[in-house]
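Written below as structure tokens is the structure these notes are about.
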Amino acid sequence: MNKQFDLAHPIFKIISEAASELSFETYAVGGFVRDQLLGRNCKDIDFVCVGSGIELAQKATEKISDKPHVSYFKNFGTAQFRWNEFDFEFVGARKESYDRNSRKPVVEDGTLEDDQNRRDFTINAMAISLNKNSFGELVDPFNGVKDLEEKLIRTPLDPDITFSDDPLRMMRAIRFATQLDFKILPETFDAIKRNKERIKIISQERVTDELNKIILAKTPSIGFILLEECGLLEIIFPEFQKLKGVENYEGKGHKDNFYHTLQVLDNITKATNDLWLRWAAVLHDIAKPPTKKFVEGTGWTFHGHEVLGSKWVPKIFGRMKLPMGNEMKFVRKMVYLHLRPIALTKEEITDSALRRLLFEAGDDIENLLSLCEADITSKNREKVKRYLTRFEVVREKLKEVEEKDQVRNFQPPVTGELIMETFGIGPSREIGVIKEEIKEAILEGKIRNDYEEALKMMLELGEKLGLKKQSDVRSPKSEENTDNA
Ligand code: CTP
């Protein structure tokens, strides 16, 4: 592991000088040190000094010509500023102990050692000296470098103390194991099992934030499997826990939906970095357990799981404090539609089925197709290949139909206004009936998605409904002609 730190950024010399003037021992700590050793970019740098973090930040900014604005958090004794696209945070070294019922720490001034002792993991408890006589030297009391090399997550102190002090760290352990593809030391993992209930004192937002980071990792299944093994999953996401397990009846089993969903999630990471499409993968089969039935002659069925699952999406998003706007609606729509493209690979594909799917998916069609492709999982490679080939055909056909009929962002070719004007009626049920029938006729391919054909159908429908045409209705085309004349 390369232990030559890149301290070329001018901030390090500036802080070193400021610290020396104040006679504060000062270090760069935490994630920055870890990421430097891993060769990862890090734009958030934390500094610890034996003294006042606020004074150090002030002194440092005095030395910068385009003096950045400093934010102070007096209650926590921290200061922060942004400069050259980097975020710098300053804190005085502290000795902390926690109240058992909350995360509010009882804080006293301390040494660098005290500060390192109270950090979460050995790989996050290293410091780089910014002191004049030892500038650039690593201070690694818990062998964090060795754990980085051995790809291990381990707490610096007794794990029961570290996790009980701040139970969010249980989620962080699993998140780092997922992001970095590290193992959690068995003693550390056992402590998570023992302390899992304490996750309940952590705010939902922070738990969800860690879960999102797991979902955004390259192989999210690592995190979900660990969450399940230690018992946290059952507490933070019971619906997902229930996907686990296989039932057998008359010698017939079904897929284990827990591992299937994780396979779909890992698959979709190759197609997208979008958190919400990844959440759609997480939730696509979430309502399989309550819809499961064994049907004689057919085997296991999960009828309607896409409908029930889509109904659960707002409930789960609400509880998880995920955004309830377009993000939630997108996931709900993906869950609702996730079986449709696959169904099209099984039957003779009709243009009207394709038009309907394009109409319902709208601009989200590409995302839906990515989800469905990710959903093709089987131990039988030949079967997967066969499905993917047939799926390509669906993709091609969708493209052809869209080019021809343009129903993806369907706008009714005749408007309610025009219907009212033509038949001299006010807002009424008939308008809805006419518009719906025209839309259906277009989707079924009975008429083209075109003003003239829709107008003709509108007049016929009006007549059938006993409506009287008021005056000649001009098409926008003829208006254009008149204007140009
Ligand atoms: N830390 C901790 N316990 C926590 C959160 C943070 O001990 N619950 C310490 C760790 O030493 C960590 C540092 O504070 O390295 C900075 O925390 P944060 O910025 O949240 O995490 P990073 O380790 O920098 O990693 P990331 O940016 O990926 O979250």
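What the table shows:
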item: The stretch 416-430: number of residues that are out of contact with any Phe, Trp or Tyr (no Cβ under 9 Å at 6 or more places or on another chain) and open to solvent by less than 70 Å² (accessible area, probe 1.4 Å); result: 10
item: Evaluation of Ser164 against (1) under 25 Å from the mean Cα position of the chain (by Cα); (2) among the polar types (S, T, N, Q); (3) away from the ligand (no atom under 11 Å from the Cβ) (one fails), failing number; result: (1)
item: Count - residues of the stretch 117-131 that are at pLDDT 95 or above, within 16 Å of the ligand (Cβ to nearest atom), over 29 Å from the mean Cα position of the chain (by Cα) and outside any strand (DSSP E or B); result: 1
item: Cross-chain or 6+ apart pairs with Cβ under 7 Å, the stretch 155-179 first and at positive phi, then within 8 Å of the ligand (Cβ to nearest atom); result: none
item: Ala343 in a helix (DSSP H, G or I) and crowded, with 16+ Cβ neighbours inside 10 Å; result: no
item: Residue list for the stretch 167-207, filter: more than 14 Å from the ligand (Cβ to nearest atom) and part of a loop (DSSP other than H, G, I, E, B); result: Asp181, Leu185
item: Residues satisfying the stated conditions in the stretch 132-157, i.e. outside any helix (DSSP H, G or I), more than 15 Å from the ligand (Cβ to nearest atom) and surrounded by fewer than 17 Cβ atoms within 10 Å (Cβ to Cβ); result: Phe135, Gly136, Glu137, Glu150, Lys151
item: Filtered residue count, the stretch 70-96, keeping only those that are assigned to a loop (DSSP other than H, G, I, E, B) and at pLDDT 95 or above; result: 0
item: Subset of the stretch 42-60 [surrounded by fewer than 18 Cβ atoms within 10 Å (Cβ to Cβ) and part of a helix (DSSP H, G or I)]; result: Glu55, Gln58
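Residue-by-condition table, conditions (1) at pLDDT 95 or above; (2) more than 27 Å from His305 (Cβ to Cβ):
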{"residue": "Asn195", "(1), (2)": "yes, yes"}
{"residue": "Ile201", "(1), (2)": "yes, yes"}
{"residue": "Asp209", "(1), (2)": "yes, yes"}
{"residue": "Thr219", "(1), (2)": "yes, no"}
{"residue": "Leu227", "(1), (2)": "yes, no"}
{"residue": "Leu232", "(1), (2)": "yes, no"}
{"residue": "Gln241", "(1), (2)": "yes, no"}
{"residue": "His254", "(1), (2)": "no, no"}
{"residue": "Val264", "(1), (2)": "yes, no"}
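The values are calculated or read from the model by the stated rules, or taken from the named source; none is laboratory data. Because the structure is predicted, anything quoted here is derived from the model rather than measured. So basically every Cβ, Gly included, is an ideal-geometry build from the backbone, and we count neighbours across all protein chains shown. Surface accessibility is based on the protein's heavy atoms, side chains included, excluding ligands, DNA and RNA. Shrake-Rupley method; radii C 1.70, N 1.55, O 1.52, S 1.80 Å.
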